[in-house]
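What follows is a set of notes on a single structure, which appears directly below.
The values are calculated or read from the model by the stated rules, or taken from the named source; none is laboratory data. Keep in mind that this is a model prediction, so the values were computed, not measured. Because the Cβ atoms are built from the backbone with ideal geometry, glycine has one as well, and the counts that use them run over all protein chains shown.
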Amino acid sequence: MAKKQVAGERKTEGKSAGSKKTSVAKQEITKPRAFPIIGMGGSAGSFKAFEKFFTHMPADCGMAFIIVIHLDPQHKARVADLIQNYTRMPVIEAENGILVEQGHVYIIPPHKDISIHYGKLVTVDFGESKNRHMTIDYFLQSLADDQWNNAVAIIFSGMGTDGETGLRMVKEKLGMAMVQDPDSAEYSSMPRSAINTGLADYVLPPEEMPLKLIQYLNHPVLNENARDLAISETKTNQVIQNILLQLRSSVGHDFSLYKKSTIRRRIDRRIAFNQLPDYVQYANFLKDNSQEIEILFNELLIGVTKFFRDKEAFEILQKKLLDLLSQKPADEPVRIWVAGCSTGEEAYSIAILVMECQEQINRKHQAKVQIFATDLDIKAIEHARQGIYYGNITADVSPERIERFFIRNNDGFSAKKELREMIVFAQHNLIKDAPFTRLDLLCCRNVMIYLTNDLQKKILPLFHYSLMPKGLMFMGPAETIGSFGSLFKTIDGKWKLFEKQEAVAGTGKMIDFPFNVSNPAGRLFKNETMQKSLKKNDLSDIFGKILIENYTPAALLINEKGDILYINGKPGKFLELSSGEGVMNIHRMAREELKYALGNAIRQVFIHKGQITLPEIKLTDGLQGRLVNVEVSYLEGTALNGLVIIVFNDLGLSKKPAPRLSKKNLSITDGQAEELQKELIYTKQQLQTTIEQMETSMEELKSTNEELQSTNEELQSTNEESLTTKEEMQSLNEELMTINMQYQVKAEELTQLNNDMKNLLDSTETGTIFLDNQLNILRFTPQIKKLFNVIPGDVGRSINHVVSNFNYPAVEQDIMEVIEKLTGKEIEVKTNKGEWYNLRIMPYRTLDNFISGAVLTFDRITFLKAMQTRLNILQKYTSTAIQQINEPAILLDNESLIVSVNSAFLTYFKLKENDIQKLSFNELLRHRWQTDKLDMFLKNSLHKNSSVSIVHDFPSIGLKKLVFSSDTFKDVETAEAYLMLLTLKEGKI
């Protein structure tokens, strides 16, 4: 989006300083409206396309155009002047720092690269730019980063693949892409490479582009201020949910956990593309159009990447990888997961870094490297497996790396075998499928930005679980770990490189799949219900609290040890604090009158799991007595199962006055009192002993309980380890499935290659037989049956055991010589039926440059041998005939090569036969006789008999006038001239 202008930014020719001040003052009050900026890329051969485009583009279109073309360094004409002839909009050659204005056209200056930053154009010399070879890509990437959904990329005629990566970047940032129809382009290479990305919205001739561009960009759904508000936001969300349901039922992938804003913007683009009025119409359109569902699915999966994206980030990563690989034992594999790999550029970039680090470490035994690269898009995975990329990767990959890791393939590059074999590519759903575990590096760049915050909170602990201790996590520059700072240590905050650190227990526990994150609407509804429920429950809670505190008896909740767990009411009348260490235990705090009776009742209740009532226990309350009923109950069938509740029912002060003893019965009373006192002491002692024994038993039970608890914890730990092992097995199973899928794809490719090879060999007339190092037959084509008596059952037998139909006893010796010396041989052999074949014996080389046998090919040359025999006979005949001519004569073939000369010719010109053997007549004329006077004569002589007279100073014989005459011979079958007889006579000068 264009930024707000400040004073001095805009430069306009033909306006006074006063008008500039007025304009700036107005801009400070009114914020400028964002407008589309169109990046147009092409080569010098695209001027006709620009002419047609701007001829049909109105000047008041409300857009700005920036033309980036490849110009020859010697190009002198001003491109701006040429384009100005086609449009009424101002056409300006871009200057460094100029602000892009609506309704203007800007042209890249010669010998410059151009980019855009905050709505201003930035120009740099070729020498300052690392991307100078891909000028269009360089600009379109900056346009995408700066303008986002206001960016449009148009690729016109041109050679090469420049613009392909830039178009991807524009589409990733919600922009639009147009490409010139290759049939209308003078050079179709650039348009075709852009179309092959599968991301071009429109493929049109230049004259049809302006109308589509205006219709698309002016659609109300793309204009937030003019968006149709007739449908409520709730209704819109419902329709989008309906669209996602259709998508899930059709392609099997659920996008409900992706960010709604991203999904909505992608759908907006499809609505504008199809020129539909609203979301409802688009949902109905999807029901009847399966192709549109596929296109929308691909739009939502747009994953744009390139080699070494953010080079500074990869430089930092390489240093950490070097440390990691240096410390890794050779017997432990290095495991790397690239999640959301798209078309594979990022995976190959990391593989290159790993191989370079291994070369720097230079250990005798390198650790095995396993790179798992996954993505949801199966088409992107298939592209990544092939490892074939356009030539524009030279803008991101250094020449040294191109030479080391890639092979030039037509107009692009393919990754070398060692690089491809390091990576396993597979389809994987980050939301549903189990993750890869025991990872040293997890690379997940520019994936999390498309997911909801709730889903990110689920995935980040999962990533933590997947990593090894000190494992690395590499994210995109716009991504963050949020509230999970305790799980990861930040290595580089700018480029989002993190290291796993140990966290609190339970954080690393694996999360079940699939993730179940409720939608916002569902959570909102649930929260509102909860709030209503809480409002209803508040009154009952307050009322219950008043009843408990004021109208219910005092009560205690205790466990088997007598520890007080909960107190209700005010039990202070029945409990007292004892001296010593403060302990909340009923046996220590109960009053003296209650202690023994209550302790016995508690023990009985725990034994029999029942209820005991202690009626009218008398407590001393000053000079008066207080009666209390105590109920001790065992709790069962509730959440408090196994606990005991003690309820104190206070009966108030005793109404009976204390009895007054008279002196008359005092002596009796004293004896009885003494006896009762002794009995009481004995009972107390016995009770005390029982209590001590009980406490001892309780201690033993406590010790036993602690041991059991320790055993239980160990069992729990074992159970957790088993669960972890199960989860790792699940992850390993997922990996095995992934590798199996990779092998299945390779097996299918191998089957296809075998089919192609079989059809190729069967369709040729060349007989071929493959042998191993022991000369055993591996494979042969049907044509070989004419030369050897072989059947399919002979595969695996030695070729010496097979009867041949030609006479060549030294074939075995020659095959072994070829295998040993690695030099091929060619021999002509004749079959028993009189047919001739050219036998070629070559060593069989594998892709790894190992010799694994020999290949014998037989080409039928019977016709050539017959022709050669006829030619030899003819040459002998003509050579004999020419010797019978008294005058100097020379015999030539149809290519003017000397076939034969007579003695008179050699004598006349004082030549020897060896001097002209294997020479052409032209060489004789130019090098020895140094004349070109017979050139036209020789050219005409092939078609008719003719003669010519020349005067020339010949070496050895001096100045002579000679008359040359020619006779042409024609082949009876082909009617083509192939021999010419030249005779000469000496004339007078």
Exercise. Taking only pairs six or more apart or across chains, which ones have beta-carbon atoms under 6 Å, a first residue in the stretch 107-123 that is without any contact (Cβ under 8 Å) to a residue 24 or more places away in the chain, and a second residue that is among the acidic types (Asp, Glu) and surrounded by fewer than 22 Cβ atoms within 10 Å (Cβ to Cβ)?
Worked result: PRO109/GLU93
Exercise. Which condition number does MET473 fail, the rest of (1) among the hydrophobic types (A, V, I, L, M, F, W, C); (2) out of contact with any Asp or Glu (no Cβ under 8 Å at 6 or more places or on another chain); (3) modelled with pLDDT of 80 or more being met?
Worked result: (2)
Seminar exercise, completed: When GLU359 is run through (1) outside any loop (DSSP other than H, G, I, E, B); (2) touching a residue at least 40 places away in the same chain (Cβ under 8 Å); (3) out of contact with any helix residue (DSSP H, G or I) (no Cβ under 6 Å at 6 or more places or on another chain), the failure sits at (2)
For this session: Assess whether GLU826 counts as being farther than 14 Å from TYR844 by Cβ, of a type outside the set (S, T, N, Q), part of a helix (DSSP H, G or I) and modelled with pLDDT of 85 or more.
Result: no
Seminar exercise, completed: Subset of the stretch 314-333, residues in contact with a Lys or Arg (Cβ under 8 Å, 6 or more places away or on another chain) and either of a type outside the set (A, V, I, L, M, F, W, C) or farther than 17 Å from GLN370 by Cα (or both), comes to PRO333
Seminar exercise, completed: For the stretch 826-860, the count of residues that are of a type in the set (Ser, Thr, Tyr) and either under 51 Å from the mean Cα position of the chain (by Cα) or closer than 24 Å to LYS417 by Cα (or both) equals 4
For this session: Would you mind stating whether LEU627 is over 60 Å from the mean Cα position of the chain (by Cα), of a type in the set (A, V, I, L, M, F, W, C), part of a strand (DSSP E or B) and farther than 23 Å from ASN585 by Cβ?
Result: yes
Problem set entry | Single residue of GLY41, GLY45 found to be modelled with pLDDT of 50 or more, in a strand (DSSP E or B), among the small types (Gly, Ala, Ser) and closer than 30 Å to ALA185 by Cβ | GLY41
For this session: Could you grab the pairs with beta carbons closer than 6 Å, sequence gap of 6+ or different chains, first residue in the stretch 881-894 and in the same structural domain as TYR908 (by TED's automatic domain parsing), second one of a type in the set (Val, Ile, Thr)?
Result: GLU887/THR983; ALA889/ILE882; ALA889/THR983; ILE890/VAL901; LEU891/THR878; LEU891/ILE882; LEU891/VAL899; ASP893/VAL899
Problem set entry | Residue among SER965, SER941 that alone is modelled with pLDDT of 75 or more and of a type outside the set (Asp, Glu) | SER965
For this session: For the stretch 409-441, name all the residues that are closer than 19 Å to VAL334 by Cβ and assigned to a loop (DSSP other than H, G, I, E, B).
Result: GLU421, MET422, PRO435, PHE436, THR437, ARG438
Problem set entry | Residue list for the stretch 152-172, restricted to those being farther than 19 Å from ALA395 by Cβ and within 26 Å of the chain's Cα centre (by Cα) | VAL152, ILE154
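Per-residue answers, yes or no, for (1) buried (at least 17 other Cβ atoms within 10 Å of the Cβ); (2) out of contact with any Leu (no Cβ under 7 Å at 6 or more places or on another chain); (3) closer than 27 Å to ASP377 by Cβ:
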{"residue": "LEU317", "(1), (2), (3)": "yes, no, yes"}
{"residue": "LYS320", "(1), (2), (3)": "yes, no, no"}
{"residue": "ILE336", "(1), (2), (3)": "yes, no, yes"}
{"residue": "ILE350", "(1), (2), (3)": "yes, yes, yes"}
Exercise. Any idea how many residues of the stretch 159-181 are on the phi > 0 side of the Ramachandran plot and surrounded by 24 or more Cβ atoms within 10 Å (Cβ to Cβ)?
Worked result: 1
Seminar exercise, completed: A careful count of residues in the stretch 78-119 that are part of a strand (DSSP E or B), of a type in the set (Asp, Glu) and either in contact with a Pro (Cβ under 6 Å, 6 or more places away or on another chain) or surrounded by fewer than 18 Cβ atoms within 10 Å (Cβ to Cβ) (or both) gives 1
Exercise. If you go through the stretch 245-276 one residue at a time, how many are out of contact with any helix residue (DSSP H, G or I) (no Cβ under 8 Å at 6 or more places or on another chain) and not in a helix (DSSP H, G or I)?
Worked result: 1
Exercise. Among the residues of the stretch 182-201, which ones are on the phi < 0 side of the Ramachandran plot and either in the same structural domain as ILE378 (by TED's automatic domain parsing) or in contact (Cβ under 8 Å) with a residue 60 or more places away in the chain (or both)?
Worked result: SER184, ALA185, GLU186, TYR187, SER189, MET190, SER193, LEU199, ASP201
Exercise. If you go through the stretch 761-801 one residue at a time, how many are surrounded by fewer than 17 Cβ atoms within 10 Å (Cβ to Cβ), in a loop (DSSP other than H, G, I, E, B) and not small (Gly, Ala, Ser)?
Worked result: 10
